[in-house]
1. Seen from all sides and averaged, what is the projected area of the convex hull of the Cα atoms in the stretch 51-188, in nm²?
2. Over the stretch 105-249, what relative contact order in percent results from Cα pairs under 8 Å that are six or more residues apart?
3. Given that compact globular proteins tend to follow 2.2 N^0.38 Å, what is the ratio of the alpha-carbon Rg of the stretch 261-405 to that value?
4. Taking each pair of distinct Cα atoms in the stretch 1-102 once, what is the resulting Kirkwood hydrodynamic radius in Å?
5. Report D for the chain in µm² per second (integer): Stokes-Einstein, Kirkwood Rh on Cα pairs, 10 °C, 1.306 mPa s.
6. Could you go through the stretch 359-374 in sequence order and give the Karplus-derived ³J(HN,Hα) for each residue, using 6.51 cos²θ - 1.76 cosθ + 1.60 with θ = phi - 60°, rounded to whole Hz, and x for Gly and Pro?
7. Only loop residues by DSSP count here, and only those with at most 11 other Cβ atoms within 10 Å; note down the GluC sites (Glu not before Pro) in the stretch 317-405 that meet that.
8. Given contacts defined as C-alpha pairs under 8 Å and at least six residues apart, what's the relative contact order of the stretch 180-253, whole-number percent?
Amino acid sequence: MREIVLINITGEDRPGLTAAIMSVLSQTGVNVLDIGQAVIHDTLSFGILVEIPHDKQAADTLKDVLFTGYKMDQQVRFTPVSEQDYQHWVSGKGKSRYIVTLLTRKVTAEQLHRVSAITASNGLNIDHIDRLSGRMPLDMPADQSKGCIEFSVRGEPKDVDALRAEFLSVAQELNVDIAFQRDTVFRRNRRLAVFDMDSTLIEAEVIDELAKAAGVGEQVAAITERAMHGELDFKASFRERLALLEGLSEGVLQSIGDSLRLTEGAETLFAELKRLGYKTAILSGGFTYFAKQLQAKLGIDYVYANELEIIDGKLTGRAIEPIVDAQRKADLLKELAKKEGLRLEQTIAVGDGANDLPMLGLAGLGVAFRAKPMVKKSARQAISTLGLDGILYLLGYRDRDGQEN
């Protein structure tokens, strides 16, 4: 009668261990049903599920494995597995798989406890846990550190909306971000990323900066705030704000453009997306003048924004139609995906305002970045604690991947 045995090997990681163990197993024609290995701080955890043929002496095979492990200073444990238990395990392979990603400045046991408790209470089983962020020095300043833990989970949540609500509540309480997404082939095969500009790629709302220069800063800022929260129609509020800029000198644009700061992680994100073969675009309710500056700086492929009307060196207080509003952004995302021969599942959209929600909802990965509460609640994913390069973690990207040529 064949025997199924789980072999667990633990100890200091050593080169050649896998080869040595497999050499022993190969001598008796053992079949490997499952295998997994992890190394944490040079300590190895190695598991092999094997089927020993009925015409072989299992005891002799396992004794040789034990002896080989002993010679290499490893602890070896054997656990018999019944055929019934094995078949039950096999039948579970068709269950849905999801990825839970924890993003934080510093990973704590409390954060991991809360995330794992929520997954368990929603009927999900954790298959793998991986650290995607790099090794962190103990004295790294908090505002410069990055931590990311990825959980691969299996099962079907009892209520996906309730699960997301639980994650959002814990994220707000612990000042972390928790992303939950289905693990599909498209997650690893996205090829187009589109971005809002103001308060997403840059740390400012340009129209507010122009308003300050025109002496109407407080009036425009108040309208902007209400529009970003979704309290006002974007087109109407945009025209109202723009009208207040009538007569502003064109020369002011250059000085404001020079003062704009990129959001944390923007340069890293775009460098990696370009290296990975992504097409990128700005889809902005802001202004083409500033978007073109970012395009040159970050190597962005497409720019769609609003063109300021300028006559005799002064702003007229109007923009050239069509206005890039929420619906226009969503339409542009679909047009670009079609142009690049991509499915919408292969796209990423990132923004912070209510006028970004339609495109965030269409994209395969929609990310509310440092967004207003209403936008964060409505989007499927949100990042508030890390910079823009935190988006790479949602793609399964590891910090060490950036070191590859």
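Each reported figure results from applying straightforward, stated rules to the coordinates on display, with no laboratory input. Source: prediction; values computed, not measured. We place every Cβ from the backbone using ideal geometry, glycine too, and count neighbours over all the protein chains shown.
1. Its average projected convex-hull area is 12.7 nm².
2. 16
3. Its radius of gyration relative to the 2.2 N^0.38 Å reference: 1.09.
4. When all Cα pairs of the stretch 1-102 are included, the Kirkwood radius is 14.8 Å.
5. 65
6. Per-residue couplings from phi come out as 6, 5, x, 7, 5, x, 10, x, 10, 7, 9, 6, 8, 5, x, 5 Hz.
7. 404
8. Relative contact order, the stretch 180-253: 26 percent.
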